[in-house]
1. Would you list 33, 104, 39 from the most to the least accessible area, probe 1.4 Å?
2. For residue 107, tell me the accessible area in Å² from a 1.4 Å probe, rounded to the nearest 10.
3. Rolling a 1.4 angstrom probe over the protein chains, ignoring ligands and nucleic acids, what is the accessible area of residue 110 in square angstrom, nearest 10?
4. Starting from the residue with the highest accessible area, list 108, 174 in decreasing order, probe 1.4 Å.
5. How much accessible area does residue 52 have with a 1.4 Å probe, in Å² rounded to the nearest 10?
6. What translational D, rounded to a whole number of µm²/s, comes out for the stretch 126-175 from Stokes-Einstein when the hydrodynamic radius is the Kirkwood one over Cα pairs, at 37 °C and 0.692 mPa s?
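The values are calculated or read from the model by the stated rules, or taken from the named source; none is laboratory data. In this text the structure is predicted, and so the values were computed from the model without any measurement. Side chains included, ligands, DNA and RNA excluded: accessible areas come from the protein's heavy atoms. Shrake-Rupley method; radii C 1.70, N 1.55, O 1.52, S 1.80 Å.
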Amino acid sequence: MFNSYRIKSLRAHLGRKPLEQLVHSLVMSHLDYCCTLLYGLPDCSLARLRRVQNFAARLILNRRKFDSATQSLKELHWLPIRFRILFRLLCLAFKCVNGTAPRYLCEYFIYSTTGYSLRSGPTFTVPRTRRHGDRAFSVAGPQEWNKLPLNIKACTSLITFKGKRKTQFFALAYQ
C-alpha cells in the first residue's frame, strides 16, 4: 500500500500508460505473488487485498475515493481479487495437466479410474481431507479443474486457456 501512495504523488507527472505500468510492476505484482495460497480464504481475510486493488484501479483512472471501484475494475478489465486467485490457481492446474509445471506439482493430478466414459471428459481424483485441507493445491487444483466446462478443458495452449477462462470469469464477476 505504501508504494501506492508514492505512485499517487507521481500521478501528475505521468501519463496513463506509464502510470499503469508502474502500478502493475509495484502493486499488482505483490497481489499476484503466491496468490494461490489465498485460495479458499473468507472474504474478511481478502478485504485488505481488495482495498489495495480498488485503490490501484482508482489511481490509474484518476477517480475519487468514493467512486465505484467495481466500475473502475471493469473499465481496466481486471478481475476482482477472489476471481484473480482462482484464475491463477487454474492456470497452474492447466500447466500441471499439460505437463509444463514442475513434476512435484503434476503428481497431484491423478486421473480417476471409472469404468465408463464421461461427457465432461477425464476427471481427476480429489483426495479427501479433514478440516482445512481443502485449501491445499493437491485438493483445490483437481477440484476446480473438474468443475471446468469441457470447451475450456480442451484448450491446448496456455494463452487460449487464459483468454477463455478470463472471459468467463469476467462475465461472472460483472453480470
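1. The most accessible residue leads, giving 33, 104, 39.
2. Rounded to the nearest 10, that gives 110 Å².
3. About 100 Å², ignoring ligands and nucleic acids.
4. Details: 108 100, 174 30 Å².
Correct descending sequence by accessible area is 108, 174.
5. Around 30 Å² of this residue is reachable by solvent.
6. This corresponds to a translational diffusion coefficient of 265 µm²/s.
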